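One structure below.
None of the figures in this text is laboratory data; all of them are computed from the coordinates on show. As the structure is a prediction and not an experimental result, all values here were calculated from the model. Cβ placement follows ideal geometry from the backbone for every residue including glycine, while neighbour counts extend to all protein chains displayed.
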Amino acid sequence: MATAAATTTTTHGGRRAKGIDLGPLATLARRRFQLTTRTPRELLVPLLTPILFALVIAPALKAALHTSSAYESFVAIGTIGLLIPLNTMFAGLSVIVDRDSGAQRELLAAPVARGLLVLGNLAVALAVTAIQLVALIAVAIARGIHFGASATGVGWFVATSILFTVGMYGAAEALASRVPKQEEYVARVPVIAIVPWFLAGSLFPIMNGLVKELGNTYDSMQVVWARVLGHLIFVLILFAPARGFAILKSVKLPWQLGRSLLLLASTMMFFHAVKDVPLAKAASISFTAPLIVTLLALPILGEHIGVPRLLAALVGFAGVLVVIRPGTELFQWASLLIVGSALCYALYQIFTRKVAGFDAPETSVVYSALVGTLVTTAIVPFIWTTPVNWQDGVIMASLGVFGGLGHYCVARSLTYAPANIVAPFQYFQMIGSVVVGYLMQAHLPDGWTWLGAAIIIGSGLYIGWTETRSKAAVAR
């Protein structure tokens with residue numbers, strides 16, 4: 001096999017001089033580009049994320065938190081602490097994916113050597129991070145944000161980023177070369193599957209906090225419309241270029257429409273209730289959805305429940321009573337809307353199971369956003385209130401971005417690890433709700449809310465554990 005960069009000789013002034021043959025590098029770059037264009041979504045998402053962050057997410061958070069923090073202060077922290085670790089870990093994972101899919105054989109055909117492929121993958125990780133960083137800064141400058149960093153500071157930042165990337169990717173590449181399967185790599189680096197859940201557990205509470213802010217001024221139906229429309233645009237950008245109108249083809253269309261209406265009803269009730277119910281309390285009650293799925297699985301799906309899981313579900317509902325405390329002066333009628341939202345969401349999950357074996361996941365995701373957008377668009381003209389300032393308009397636009405990114409994080413996590421491994425981390429949303437509630441509304445949950453949340457979460461974890469054991473027993 002050819003060396004990574006063979007030396008050649010050229011004649012200049014009658015003398016032979018050594019030079020570097022860039023042919024293998026050009027070949028590798030061309031092949032990698034061809035592989036990337038086969039899945040444009042993998043290129044689109046890294047580029048789109050920082051742009052959305054700069055245009056929508058950062059301004060929305062700045063307006064909601066009423067902070068005067070400088071933009072550049074979190075660009076550096078986000079790059080070092082988030083972009084580089086994620087990009088290098090996923091670059092290591094791509095080594096295994098390329099190997100399993102046969103793409104590695106395409107890349108390693110002569111004149112490309114294996115050592116050059118390692119350097120090429122490192123260059124990809126560096127390039128993705130650089131593109132994201134440039135997009136962040138460029139969009140910020142276009143918005144009129146001026147960076148006060150010195151040349152020395154920029155130099156140290158760039159040098160630190162490059163060294164950190166090289167070190168992180170070296171570790172990821174070394175591990176990827178020693179494990180045969182993607183599952184083992186994720187098991188060795190579980191943060192790949194867990195981090196997306198933590199991101200989702202942060203994005204959803206932020207979205208709910210922004211909804212609470214908007215609920216003081218605008219009709220909840222208008223806020224729901226902004227949420228589902230933004231989500232629709234987000235998923236169409238992800239899936240429509242590759243699938244076109246074929247993405248709407250459904251074998252179970254009535255079920256698709258039913259599950260989409262249930263999701264819309266769940267969102268409407270939650271958004272209306274969260275105007276009055278604290279975020280942590282709302283999150284605690286919403287965790288009953290898995291418990292409701294357990295109870296409804298027998299009559300609708302014909303699944304066996306068992307006495308232990310039935311008792312666990314009932315204990316979980318007792319936790320709901322601890323949270324909402326009916327009959328006391330602390331009881332809020334809006335809490336019942338959260339219970340109704342959880343019921344609709346549980347039915348939505350069951351309906352989703354019904355269509356899972358017939359329609360592609362992308363089809364289900366698009367219908368969930370499309371039906372909600374069509375219904376709310378027909379209603380919103382009658383209750384429309386023009387945003388009073390550009391900050392409110394940005395916050396409305398950000399709702400779909402936060403929700404879409406949250407669902408995308410959940411989906412990505414489930415592609416890297418089984419649901420029973422990562423699902424417990426969904427309860428991080430409780431912590432996220434507490435933090436967002438404190439930052440945005442200066443509210444902390446009381447002891448009874450924490451106790452009820454612990455009962456609900458404990459019941460959910462027990463049900464998940466028993467389901468995992470039963471599936472393992474069936475597999476044996």
- Task: Putting +1 on Lys and Arg Cβ atoms and -1 on Asp and Glu Cβ atoms, find which of Leu279, Gln426, Leu214 reaches farthest to the positive end of the dipole of the range 191-471.
- Result: Gln426
- Message: Suppose each label sits 7 Å from its Cα in the direction of the beta carbon; what would the Leu321-Trp384 distance come out to in nanometres?
- Response: 4.8 nm
- Estimated vicinal HN-Hα couplings, Hz - the range 380-395 in sequence order (Karplus 6.51, -1.76, 1.60; Gly, Pro = x): 4, x, 7, 10, 5, 10, 5, x, 6, 7, 5, 5, 5, x, 5, 4
- For Ser177 and Ala151, compute 0.36 nm times the residue count separating them, minus their Cα-Cα distance, and round to one decimal in nm. 5.5 nm
